[in-house]
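**Student:** Here it is, the structure in full.
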Amino acid sequence: MAREGKIDWGMCDVEEINMKTETLLKNVQTGLPVPLPGPVKRSLIKGDFLYFYYGCDGQDDRGWGCGYRTLQTMASWIYFNCSPHKDHNKIAPSLPEIQQALVSVGDKPASFSGSKEWIGTFEASLVLDYLYDVPCKLVHVRGGGAELEQVAVEELHRHFEKHGSPVMMGGDRDNSSKGILGVCTGTNGSYLLVVDPHYFGSKLEKTELQMRGWVAWKPVSSLDRSSFYNLCMPQTDRKRT
Amino acid sequence: MSKVTFKITLTSDPRLPYKVLSVPESTPFTAVLKFAAEEFKVPSATSAIITNGELCETDLLHNALSCVAGNVFLKHGSELRLIPRDRVGGHRD
């Protein structure tokens, strides 16, 4: 029985987690049509990654793990596309390993390990740097709406053109983690290619995930204008093979 | 004792207010964060400091948690930004 606020990882051992991870879907965005008609500027992720979501490795993290899952998606991209790190032959760190990394760098107390505490883009940056020597750029987008189109979109175009790695987006009033895989800008505004870590259930095929909207182009205008957002952008051109 | 000087900008405020802080170079950088947050009257526990690098790029102070102010100054310079941390975990709408 789990202690109050603590996680009961259940019967999942490390091997089972690794096995389930290796069966995850790769590149769930392929085949999605461009969201805008006419001439557009489109900047997309380059390279393979796996889609991580609530409970995908047997650990039920509904309600608190979405930031961790987006971080795992980013780590899988690093695994497939960057120079191998001597200490890592796993596709992505587990949830306990992410928590331990944050304790090791001194950002969290020891009691953080085994908790259900939320993390954000700052923590994701720390973990990617600590585990993979990949520095991250953090961009703060103030609430109000205007900066989303003016600041975030421009930063994302530059990021995908230069680095091509997935981005994590987190906010305050909007407290759902989003994996950003691309950006598309036309004359009437922009769209973000969002992979949503909140799915929970049996493994779906790519087309089903896309049909249900778990990976989809979302208009920037649909984001919460009262929320600030932070973007964690791995600077992976320094680590390319 | 040698001191280093930082110009820390509160990025979450559209007026971009800033404070200039001079601290002994041996000051733990976590203390710089706490002091800056107090000056701006924002919670330090939910704030983070990031840098301005060349070409207006912003790099994370990935070693800052165990760094002293002098090392941060040498590596990243004097222009810093204070941002609010996000925390995510909620359900999809």
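**Student:** Which one is farthest from the other protein chains (Cβ to nearest Cβ) among residues in segment A:111-123 that are of a type in the set (S, T, Y) and part of a helix (DSSP H, G or I)?
**Tutor:** First, pick out the residues of segment A:111-123 that are of a type in the set (S, T, Y): A:111, A:113, A:115, A:121.
Filter again for part of a helix (DSSP H, G or I), leaving A:111, A:121.
Details: A:S111: 15, A:T121: 6 Å.
My answer is A:S111.
**Student:** So in segment A:129-150, with the set limited to residues that are over 17 Å from A:D174 (Cα atoms) and of a type in the set (D, E), which one is farthest from the other protein chains (Cβ to nearest Cβ)? Let's see the steps before the verdict.
**Tutor:** Filtering segment A:129-150 for residues over 17 Å from A:D174 (Cα atoms) gives A:129-138, A:150.
Going one step further and asking which of them are of a type in the set (D, E), we end up with A:129, A:133.
Numbers: A:D129: 4, A:D133: 9 Å.
This residue is A:D133.
**Student:** Follow-up. Kindly provide the set of residues from segment B:36-67 that are among the aliphatic types (A, V, I, L, M) and either buried (at least 18 other Cβ atoms within 10 Å of the Cβ) or at pLDDT below 50 (or both), ordered by number.
**Tutor:** Of everything in segment B:36-67, those that are among the aliphatic types (A, V, I, L, M) and either buried (at least 18 other Cβ atoms within 10 Å of the Cβ) or at pLDDT below 50 (or both) turn out to be B:A36, B:A37, B:A48, B:I49, B:I50, B:L55, B:L60, B:L61, B:A64.
**Student:** Within segment A:171-190, which residues are out of contact with any strand residue (DSSP E or B) (no Cβ under 9 Å at 6 or more places or on another chain) and either more than 14 Å from every other protein chain (Cβ to nearest Cβ) or without any contact (Cβ under 8 Å) to a residue 12 or more places away in the chain (or both)?
**Tutor:** A:T187, A:N188
**Student:** Give just the number: which of (1) closer than 30 Å to B:T30 by Cβ; (2) among the small types (G, A, S); (3) at pLDDT 95 or above; (4) surrounded by 14 or more Cβ atoms within 10 Å (Cβ to Cβ) does A:S111 not satisfy?
**Tutor:** (4)
**Student:** Do you know which of the residues in segment A:191-207 that are within 17 Å of A:S222 (Cα to Cα) and more than 9 Å from chain B (Cβ to nearest Cβ) is surrounded by the fewest Cβ atoms within 10 Å (Cβ to Cβ)? Full working, then the answer.
**Tutor:** Start the filter on segment A:191-207 by keeping residues that are within 17 Å of A:S222 (Cα to Cα), which leaves A:191-196.
Subsequent filtering for residues that are more than 9 Å from chain B (Cβ to nearest Cβ) retains A:191-195.
On the way: A:Y191: 23, A:L192: 24, A:L193: 24, A:V194: 21, A:V195: 25.
Looking at the filtered set, the residue picked out is A:V194.
**Student:** So, one more: Which residue is nearest to A:F160 (Cα to Cα), if the candidates are limited to segment A:208-230 and must be buried (at least 17 other Cβ atoms within 10 Å of the Cβ) and at the interface with chain B (Cβ under 10 Å from one of its Cβ atoms)?
**Tutor:** Per the criteria, the residue is A:N230.
**Student:** Can we say A:Q99 is touching a Ser or Thr at 6+ places or on another chain (Cβ under 6 Å), within 14 Å of chain B (Cβ to nearest Cβ), within 23 Å of A:S176 (Cα to Cα) and outside any loop (DSSP other than H, G, I, E, B)?
**Tutor:** Yes; evaluated as a whole, the condition is true for this residue.
**Student:** Checking A:H159 against (1) closer than 17 Å to A:V183 by Cβ; (2) touching a strand residue (DSSP E or B) at 6+ places or on another chain (Cβ under 6 Å); (3) surrounded by fewer than 22 Cβ atoms within 10 Å (Cβ to Cβ), which single condition isn't satisfied?
**Tutor:** Looking at each condition in turn, A:H159 falls short on (3).
**Student:** Quick check: is even one residue across segment A:158-170 more than 11 Å from chain B (Cβ to nearest Cβ) and without any contact (Cβ under 8 Å) to a residue 40 or more places away in the chain? Steps first, answer last, please.
**Tutor:** Taking segment A:158-170 as the starting set, the residues that turn out to be more than 11 Å from chain B (Cβ to nearest Cβ) are A:160-161, A:163-167.
So of that shortlist, the ones also without any contact (Cβ under 8 Å) to a residue 40 or more places away in the chain come out as none.
Looking through segment A:158-170, none of the residues is more than 11 Å from chain B (Cβ to nearest Cβ) and without any contact (Cβ under 8 Å) to a residue 40 or more places away in the chain.
**Student:** Quick check on my filter: what residues within segment A:46-83 are of a type in the set (S, T, Y), within 14 Å of chain B (Cβ to nearest Cβ) and assigned to a loop (DSSP other than H, G, I, E, B)? Spell out the reasoning first.
**Tutor:** Initial filter on segment A:46-83 (of a type in the set (S, T, Y)): A:51, A:53-54, A:68, A:70, A:73, A:76, A:79, A:83.
Subsequent filtering for residues that are within 14 Å of chain B (Cβ to nearest Cβ) retains A:53-54, A:68, A:70, A:73.
Scanning segment A:46-83 gives A:Y53, A:Y54.
**Student:** Let me ask something additional. Filter segment A:231-241 for residues that are in contact with a strand residue (DSSP E or B) (Cβ under 8 Å, 6 or more places away or on another chain) and surrounded by fewer than 21 Cβ atoms within 10 Å (Cβ to Cβ) and give the result.
**Tutor:** Passing the criteria: A:Q235, A:K239, A:R240, A:T241.
**Student:** (1) part of a helix (DSSP H, G or I); (2) at the interface with chain B (Cβ under 8 Å from one of its Cβ atoms); (3) acidic (D, E): which one isn't true of A:D107, the others all being true?
**Tutor:** Answer for A:D107: the failing condition is (1).
The values are calculated or read from the model by the stated rules, or taken from the named source; none is laboratory data. Source: prediction; values computed, not measured. No Cβ is skipped: glycine too gets one built from the backbone with ideal geometry, and neighbour counts run over all protein chains shown.
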